[in-house]
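Chemist: Take a look at this one; I'll ask things after.
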Amino acid sequence: MQLYNKLSAKERAELIDKAGKNRLTLSFYQYAKIGNPQLFRDHLFITWDAFGVLGRIYVAHEGINGQLSLPADRFNEFKTHLDSIDFLKGIRLNIAVEQDNKSFLKLKVKVRKKIVADGLNDNTFDVTNKGVHVGANKFNELIEDENTVLVDMRNHYESEIGHFKNAVTPDVDTFRESLDIIEDDLKDYKEDKNLVMYCTGGIRCEKASAYFKHKGFKNVYQLEGGIIEYTRQVNEENLENKFLGQNFVFDDRRAERISNDVIANCHQCGNPFDVHTNCANEACHLLFIQCDDCKAEMDNCCSTNCKEINALPYEEQKELRKGQGNSNDIFKKGRADHLPYKKDLRNIFETLKVDKSQ
Ligand SMILES: [Zn+2]
Ligand SMILES: [Zn+2]
């Protein structure tokens with residue numbers, strides 16, 4: 001029985017075109033006790049592969065975190081299957097705001113230690129003591145309250161292209177890093193301020209809210225279902241949209257547009273622009289923001305050095321790369337000294353207009 005993806009991304013893309021069917025991109029997560037993640041993983045792979053599911057799904061003893069796409073006409077079967085699993089019955093599915101048939105080109109179901117690489121030792125705090133979950137309406141109210149500190153729990157390259165109005169956007173590369181920075185900068189406000197947090201689909205806030213409560217924050221709120229569910233509710237209930245720009249996503253779409261505001265700049269020329277690209281030099285692959293003019297001028301590369309390498313015959317490039325090691329961690333990079341317009345994001349005190357010396 002086939003338990004692993006066998007097609008290349010290119011072969012899969014061709015099959016999707018040939019099928020000519022609309023696909024639905026969605027995500028969901030659930031914390032639950034899973035006794036045998038490997039067995040559960042195999043069961044999911046076999047069942048979902050047959051439905052034509054593609055995506056990246058993490059299974060751990062602590063639960064499941066899935067981002068995936070499937071043919072729209074198989075959705076009911078997929079949902080019925082989810083409902084047949086005890087802890088996934090009736091689960092909220094975050095349907096992508098912007099659809100693209102090629103958001104995912106492989107099915108990867110992986111067993112991991114955790115469903116989010118949060119760097120936390122869960123034995124040191126009560127993970128079930130979470131913040132208050134709020135929907136879009138209440139969230140809009142809360143973030144207008146002057147007693148609220150609104151914190152973006154995502155990384156610098158995510159909040160750079162889109163975030164909520166007046167949010168604190170920590171300039172961090174990892175989730176773990178942001179927790180300490182936020183705690184330290186807000187330590188004097190644990191009792192009296194509302195700490196309101198959000199992330200892409202809600203999963204990062206599940207642990208973060210519990211962690212901050214453990215650290216003594218009294219009034220902790222989290223946006224239910226993250227930016228994706230917020231957008232759905234805003235559209236459905238005709239609420240004011242307080243999110244500016246694009247929602248960064250971790251699939252081939254890279255982002256979905258939530259408002260027409262462009263809040264970022266091309267990292268090379270500084271003109272307003274908010275679409276990420278990867279440097280075309282395969283040995284670099286830096287994730288950065290590049291406008292169309294710079295893309296044309298730089299052959300989709302982040303530097304003249306990369307442009308020169310990228311122009312070499314492929315065999316020569318491979319020779320150059322030997323022994324260099326290949327970093328697949330493209331999302332972690334996202335910064336380089338030679339990009340003059342990469343923004344340093346605001347620090348918390350600047351946003352709060354609080355004098356640190358007081
Ligand atoms: Zn540019
Ligand atoms: Zn480069």
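The values are calculated or read from the model by the stated rules, or taken from the named source; none is laboratory data. Treat the numbers as computed from the prediction; the structure is a model and nothing was measured. Positions of Cβ are generated from backbone atoms using ideal geometry, with glycine treated the same way; all protein chains shown enter the neighbour counts. Surface areas here come from the heavy atoms of the whole protein model, side chains and all, with no ligands, DNA or RNA. Shrake-Rupley method; radii C 1.70, N 1.55, O 1.52, S 1.80 Å.
One line per residue, one yes/no per condition, for (1) in contact (Cβ under 8 Å) with a residue 60 or more places away in the chain; (2) at negative phi:
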{"position": "Gly270", "(1), (2)": "yes, no"}
{"position": "Asn278", "(1), (2)": "no, yes"}
{"position": "Glu282", "(1), (2)": "no, yes"}
{"position": "Leu287", "(1), (2)": "yes, yes"}
{"position": "Lys295", "(1), (2)": "no, yes"}
{"position": "Cys301", "(1), (2)": "no, yes"}
{"position": "Thr304", "(1), (2)": "no, yes"}
{"position": "Glu308", "(1), (2)": "no, yes"}
{"position": "Tyr314", "(1), (2)": "no, yes"}
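Chemist: Restricting to the stretch 209-225, give me the number of residues that are in a helix (DSSP H, G or I) and either open to solvent by 20 Å² or more (accessible area, probe 1.4 Å) or modelled with pLDDT under 95 (or both). Walk me through how you get there before you give the answer.
Modeler: First, pick out the residues of the stretch 209-225 that are in a helix (DSSP H, G or I): 209-214.
Adding the requirement that they be either open to solvent by 20 Å² or more (accessible area, probe 1.4 Å) or modelled with pLDDT under 95 (or both) leaves 213-214.
Looking only at that region, the number is 2.
Chemist: Further question: Only one of (1) farther than 30 Å from Gly245 by Cβ; (2) in contact (Cβ under 8 Å) with a residue 24 or more places away in the chain; (3) surrounded by fewer than 16 Cβ atoms within 10 Å (Cβ to Cβ) is not met by Ala60, so which one is it?
Modeler: Evaluating Ala60 over (1) farther than 30 Å from Gly245 by Cβ; (2) in contact (Cβ under 8 Å) with a residue 24 or more places away in the chain; (3) surrounded by fewer than 16 Cβ atoms within 10 Å (Cβ to Cβ) leaves (3) as the failure.
Chemist: If Val262 satisfies all but one of (1) more than 21 Å from Val168 (Cα to Cα); (2) surrounded by fewer than 21 Cβ atoms within 10 Å (Cβ to Cβ); (3) of a type in the set (A, V, I, L, M, F, W, C), what's the number of the condition it fails?
Modeler: The single condition Val262 does not satisfy is (1).
Chemist: Among the numbered criteria (1) under 20 Å from Thr25 (Cβ atoms); (2) more than 16 Å from ligand 1 (Cβ to nearest atom); (3) open to solvent by 40 Å² or more (accessible area, probe 1.4 Å), which single criterion is violated by Glu256?
Modeler: It fails just one condition, (3).
Chemist: If you go through the stretch 298-321, how many residues are exposed (fewer than 14 other Cβ atoms within 10 Å of the Cβ) and not in a loop (DSSP other than H, G, I, E, B)?
Modeler: Residues that pass the stated criteria total 10.
Chemist: Answer yes or no as to whether Leu239 is crowded, with 18+ Cβ neighbours inside 10 Å, in contact (Cβ under 8 Å) with a residue 40 or more places away in the chain, touching a helix residue (DSSP H, G or I) at 6+ places or on another chain (Cβ under 9 Å) and not polar (S, T, N, Q). Working first, answer last.
Modeler: On the way: crowded, with 18+ Cβ neighbours inside 10 Å: no; in contact (Cβ under 8 Å) with a residue 40 or more places away in the chain: yes; touching a helix residue (DSSP H, G or I) at 6+ places or on another chain (Cβ under 9 Å): yes; not polar (S, T, N, Q): yes.
When the stated conditions are applied, Leu239 does not pass them.
Chemist: Give me the residue from the stretch 297-314 that is out of contact with any His (no Cβ under 8 Å at 6 or more places or on another chain) and hydroxyl-bearing (Ser, Thr, Tyr) and, out of that set, nearest to Ala283 (Cα to Cα).
Modeler: If we take residues in the stretch 297-314 being out of contact with any His (no Cβ under 8 Å at 6 or more places or on another chain) and hydroxyl-bearing (Ser, Thr, Tyr), then Tyr314 is nearest to Ala283 (Cα to Cα).
Chemist: Now, a different point. Residues Leu93, Leu70, Leu88: which one is closer than 26 Å to Ala9 by Cα, of a type in the set (A, V, I, L, M, F, W, C) and open to solvent by less than 10 Å² (accessible area, probe 1.4 Å)? Spell out how you get there, then give the answer.
Modeler: Values: Leu93 fails: open to solvent by less than 10 Å² (accessible area, probe 1.4 Å); Leu88 fails: closer than 26 Å to Ala9 by Cα.
The conditions single out Leu70.
Chemist: Of all strands (runs of 3 or more DSSP E) completely enclosed by the stretch 128-197, which ones contain at least 3 residues that are open to solvent by less than 70 Å² (accessible area, probe 1.4 Å)? Lay out the reasoning, then the answer.
Modeler: Working: elements: 132-134, 148-152, 162-164.
By residue number, 148-152, 162-164.
Chemist: Conditions first: (1) more than 10 Å from ligand 1 (Cβ to nearest atom); (2) modelled with pLDDT of 95 or more; (3) over 20 Å from the mean Cα position of the chain (by Cα); (4) not aromatic (Phe, Trp, Tyr). Cys266 passes all but one, so which condition is the exception?
Modeler: Here Cys266 meets the rest and fails (1).
Chemist: Among what's in the stretch 269-294 and is within 13 Å of ligand 1 (Cβ to nearest atom), open to solvent by 40 Å² or more (accessible area, probe 1.4 Å) and more than 16 Å from the chain's Cα centre (by Cα), pick the residue that is nearest to Tyr157 (Cα to Cα).
Modeler: Phe273
Chemist: Still on this model: Determine, yes or no, whether Val116 is in contact (Cβ under 8 Å) with a residue 60 or more places away in the chain and buried (at least 18 other Cβ atoms within 10 Å of the Cβ).
Modeler: Yes.
Chemist: Now for a separate question. What's the number of the condition Lys21 fails, among (1) touching a residue at least 40 places away in the same chain (Cβ under 8 Å); (2) surrounded by 16 or more Cβ atoms within 10 Å (Cβ to Cβ)?
Modeler: The number of the failed condition is (2).
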